[in-house]
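Take a look at this one; I'll ask things after.
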Amino acid sequence: MIKLVPERVYYEKEIVDYSIGKELLDRYSKDGVALIEIENHNQIPELRELPDSEFVRMKKYLILGIRRTTRLIPNNRSADFIVPFTSSGCSAMCLYCYLVCTFFKNSYLRVFVNRDEMMDQVRKKAQKLGVEKVYEIGCNSDMVLENALTGNLKWAVEEFAKIKDARCTFATKFAEIDDLLDVDHHGHTQMRISVNPPEIIKKAEIGTASLKDRIAAANKMYQAGYRIGINIAPIILLDDWKEQYHELIEELSRTLDDGLRENTFFELIFMTYGLANEKINQAALPGTADIFEKEKMKPKGRGKYHYKPEISQEAAVFFRNEIAAKFPKAAISYIV
Ligand code: SF4
């Protein structure tokens, strides 16, 4: 279960002008949570000054603010456009977290209350283009997790159902989807479950749902009429990776609903690891697994590493073969 009573809430005072902002503040005030006013959700000096060792505590805080930039970003992978949406960050602590890796800072959960402005951007774009496009709403966060707090994913599914040429997509490592099962989504929403072998989930995806629960959630969503994709992400090539991922693909083929298996697609993403992850993991999560095997990786931009091409190419062939054997009808949308 997702536990979402924050230890502290930092908020921009303007959020009271939005019904969801007011509702969240009232809720946490009644719960006795410390409420701290801030100028800007992007710059919270007292959090900025904390050492990396405070990372775990900061993950228990919730930041409420207004998203300043809501312009859609063109994309050519999971979607046609990325929608800067209602949250950024989350309360989990994946050792490789791409937000830590990319932005060099804590990835605590920030919720933005101006959701109508964001959805307006989608409406306008869909109207202007007049052809079906896919919009990613969970790029820098996990909408299933956020939904447990705000109901924003359920709301987004309902809103997308009303927009003729817009389809929405999001990936998740969580399983609390019951709220979405009876929504009239009109086939306009697609969920991608993000999966990894159980051992990797346990060691490296701290605070997320188990593989079993993610599969159960995918089956329920499929039965409720949603299209389901499978993200194997991030692929982490530890010494026994072939056995672990072989078993994962077997497990998926054994336990996913027959219809889902026949109608799904895959996205495969190799791990990118950053020196920022290394620094935070050592300071805040001592004793956790070492998933950064430097000899297998090469630099990729500022402080980041990814697998050497000869290693990821061999792995890509492996994944193509395994998926073709167990999911012969499934396309692989991309491998990166
Ligand atoms: S689920 Fe993991 S990778 Fe995604 S935002 Fe949360 S901590 Fe980062």
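The values are calculated or read from the model by the stated rules, or taken from the named source; none is laboratory data. Everything numeric in this text was worked out from a predicted model, so none of it was measured. Neighbour counts are summed over all protein chains in view; Cβ atoms, including those assigned to glycine, are modelled from backbone coordinates with ideal geometry. SASA here: full protein model, heavy atoms, side chains in, ligands and nucleic acids out. Shrake-Rupley method; radii C 1.70, N 1.55, O 1.52, S 1.80 Å.
Determine whether the range 74-84 contains at least one residue that is acidic (Asp, Glu) and closer than 26 Å to residue 269 by Cα. Quick ask: steps written out before the conclusion?
Let us first name the residues in the range 74-84 that are acidic (Asp, Glu), namely 80.
In the following step, the residues that additionally are closer than 26 Å to residue 269 by Cα were identified as 80.
Checking the range 74-84: at least one residue is acidic (Asp, Glu) and closer than 26 Å to residue 269 by Cα.
State whether the residues of the range 7-22 include one that is at pLDDT 95 or above, touching a Ser or Thr at 6+ places or on another chain (Cβ under 8 Å) and not β-branched (Val, Ile, Thr).
Of the range 7-22, the ones at pLDDT 95 or above are 7-22.
Cutting the leftovers down to touching a Ser or Thr at 6+ places or on another chain (Cβ under 8 Å) gives us 20.
Next cut, not β-branched (Val, Ile, Thr) only: none.
Within the range 7-22 (the criterion being at pLDDT 95 or above, touching a Ser or Thr at 6+ places or on another chain (Cβ under 8 Å) and not β-branched (Val, Ile, Thr)), the answer is no, since none of the residues qualifies.
Please determine whether any residue of the range 289-298 is in contact with a helix residue (DSSP H, G or I) (Cβ under 9 Å, 6 or more places away or on another chain), closer than 24 Å to residue 199 by Cβ and open to solvent by 40 Å² or more (accessible area, probe 1.4 Å).
Of the residues in the range 289-298, the ones in contact with a helix residue (DSSP H, G or I) (Cβ under 9 Å, 6 or more places away or on another chain) are 289-292, 296-298.
Add one more test, that the residue is closer than 24 Å to residue 199 by Cβ, and what stays is 289-292, 296-297.
Remaining after also requiring open to solvent by 40 Å² or more (accessible area, probe 1.4 Å): 290.
Within the range 289-298 (the criterion being in contact with a helix residue (DSSP H, G or I) (Cβ under 9 Å, 6 or more places away or on another chain), closer than 24 Å to residue 199 by Cβ and open to solvent by 40 Å² or more (accessible area, probe 1.4 Å)), the answer is yes, since at least one residue qualifies.
Would you call residue 141 surrounded by 17 or more Cβ atoms within 10 Å (Cβ to Cβ) and in contact with a helix residue (DSSP H, G or I) (Cβ under 7 Å, 6 or more places away or on another chain)?
Numbers: surrounded by 17 or more Cβ atoms within 10 Å (Cβ to Cβ): yes; in contact with a helix residue (DSSP H, G or I) (Cβ under 7 Å, 6 or more places away or on another chain): no.
Considered against the rule, which asks whether it is surrounded by 17 or more Cβ atoms within 10 Å (Cβ to Cβ) and in contact with a helix residue (DSSP H, G or I) (Cβ under 7 Å, 6 or more places away or on another chain), residue 141 comes out as no.
Separate question: Just name the residue that is farthest from the ligand (Cβ to nearest atom) out of those in the range 135-175 that are assigned to a loop (DSSP other than H, G, I, E, B) and over 22 Å from residue 267 (Cα atoms).
Of all residues in the range 135-175, those assigned to a loop (DSSP other than H, G, I, E, B) come to 137-140, 142, 151, 162-165, 173-175.
From what is left, the residues that are over 22 Å from residue 267 (Cα atoms) are 151, 162-165.
Values: 151: 19, 162: 29, 163: 26, 164: 31, 165: 29 Å.
Among them, the one singled out is 164.
Table: residues versus (1) over 19 Å from the mean Cα position of the chain (by Cα); (2) among the aliphatic types (A, V, I, L, M).
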{"site": "267", "(1), (2)": "no, no"}
{"site": "272", "(1), (2)": "no, no"}
{"site": "278", "(1), (2)": "yes, no"}
{"site": "283", "(1), (2)": "yes, yes"}
{"site": "290", "(1), (2)": "yes, no"}
{"site": "293", "(1), (2)": "yes, no"}
{"site": "296", "(1), (2)": "yes, no"}
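So which strands (runs of 3 or more DSSP E) stay within the range 177-277 end to end and still have 3 or more residues that are crowded, with 20+ Cβ neighbours inside 10 Å and among the polar types (S, T, N, Q)? Lay out the reasoning, then the answer.
Working: elements: 189-195, 227-235, 265-270, 272-274.
The strands (runs of 3 or more DSSP E) meeting that bar are 189-195.
Assuming residue 232 fulfils every condition listed in (1) under 17 Å from residue 325 (Cβ atoms); (2) over 20 Å from the mean Cα position of the chain (by Cα) apart from one, which condition is it?
(2)
Further, regarding this structure: Looking at 249, 230, 200, can you tell me which residue is within 28 Å of residue 296 (Cα to Cα) and within 14 Å of the ligand (Cβ to nearest atom)?
Numbers: 249 fails: within 14 Å of the ligand (Cβ to nearest atom); 230 fails: within 14 Å of the ligand (Cβ to nearest atom).
None of the other options fit; the residue is 200.
Can you name every residue in the range 37-78 that is of a type in the set (Lys, Arg) and either modelled with pLDDT of 95 or more or open to solvent by 90 Å² or more (accessible area, probe 1.4 Å) (or both)?
Step one: filter the range 37-78 for residues of a type in the set (Lys, Arg), giving 48, 57, 59-60, 67-68, 71, 77.
Passing the criteria: 48, 57, 60, 67, 68, 71, 77.
Here is a list: 274, 207, 259. Which entry is among the small types (Gly, Ala, Ser) and more than 24 Å from residue 91 (Cβ to Cβ)?
Values: 274 fails: more than 24 Å from residue 91 (Cβ to Cβ); 207 fails: more than 24 Å from residue 91 (Cβ to Cβ).
The unique qualifying residue is 259.
Quick check on my filter: what residues within the range 83-112 are surrounded by 23 or more Cβ atoms within 10 Å (Cβ to Cβ) and β-branched (Val, Ile, Thr)?
83, 86, 100, 111
Looking at this structure, is residue 115 basic (Lys, Arg), more than 12 Å from the ligand (Cβ to nearest atom), surrounded by 19 or more Cβ atoms within 10 Å (Cβ to Cβ) and at negative phi? Before you say what the answer is, go through the steps one by one.
Working: basic (Lys, Arg): yes; more than 12 Å from the ligand (Cβ to nearest atom): yes; surrounded by 19 or more Cβ atoms within 10 Å (Cβ to Cβ): yes; at negative phi: yes.
Against the criterion (basic (Lys, Arg), more than 12 Å from the ligand (Cβ to nearest atom), surrounded by 19 or more Cβ atoms within 10 Å (Cβ to Cβ) and at negative phi), residue 115 qualifies.
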